[in-house]
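In what follows, a single structure is set out as structure tokens and then discussed.
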Amino acid sequence: MPELPAGLEWIPATDDETMTEYLEIAFGDDDNVYIRENINPGKVVITTKTKWDAFVLGVQAGEFDHFVEGLDD
């Protein structure tokens, strides 16, 4: 695994304090976005800010809704 930049500020992807497992996101000064699970912080996925922004816009536009169909049932 590549060495992570020092001083990353990990942001929980939830504001539900009862959740025990969730994703954490950190934005590096190197224009990369770092994603990890709080229960497995040593395994980090790295993407670019441009790809992250495209993903977030896709989520907002409903492009990934088919992945979660039926979860609210």
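A compact table of results
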quantity: 0 to 90° range, to nearest 10: angle between helix 49-60 axis and the chain longest Cα axis; calculated: 10
quantity: P(r), alpha carbons of the range 11-63 - 10 Å bins starting at zero, rounded %; calculated: 24, 46, 29, 1
quantity: Relative contact order for the range 1-50, counting Cα pairs under 8 Å that sit 6 or more residues apart, in percent; calculated: 25
quantity: Fluctuation leader among 63, 24, 37 - the chain, Gaussian network, Cα springs under 10 angstrom; calculated: 63
quantity: The chain, helix-only ellipticity at 222 nm - DSSP H runs n ≥ 4, -39,500 (n - 2.57), divided by all residues, nearest 500; calculated: -5000 deg cm²/dmol
quantity: The chain: most fluctuating residue of 28, 62, 42 per GNM, C-alpha cutoff 10 Å; calculated: 62
quantity: Highest-MSF residue in the chain out of 30, 16, 53 [GNM, Cα springs under 10 Å]; calculated: 16
quantity: The range 22-73: relative contact order as a whole-number percent, Cα under 8 Å and 6+ apart; calculated: 22
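Rule-based calculations on the coordinates, nothing more; no lab input. What you see is a predicted model, and the numbers here were worked out from it, not measured in a lab.
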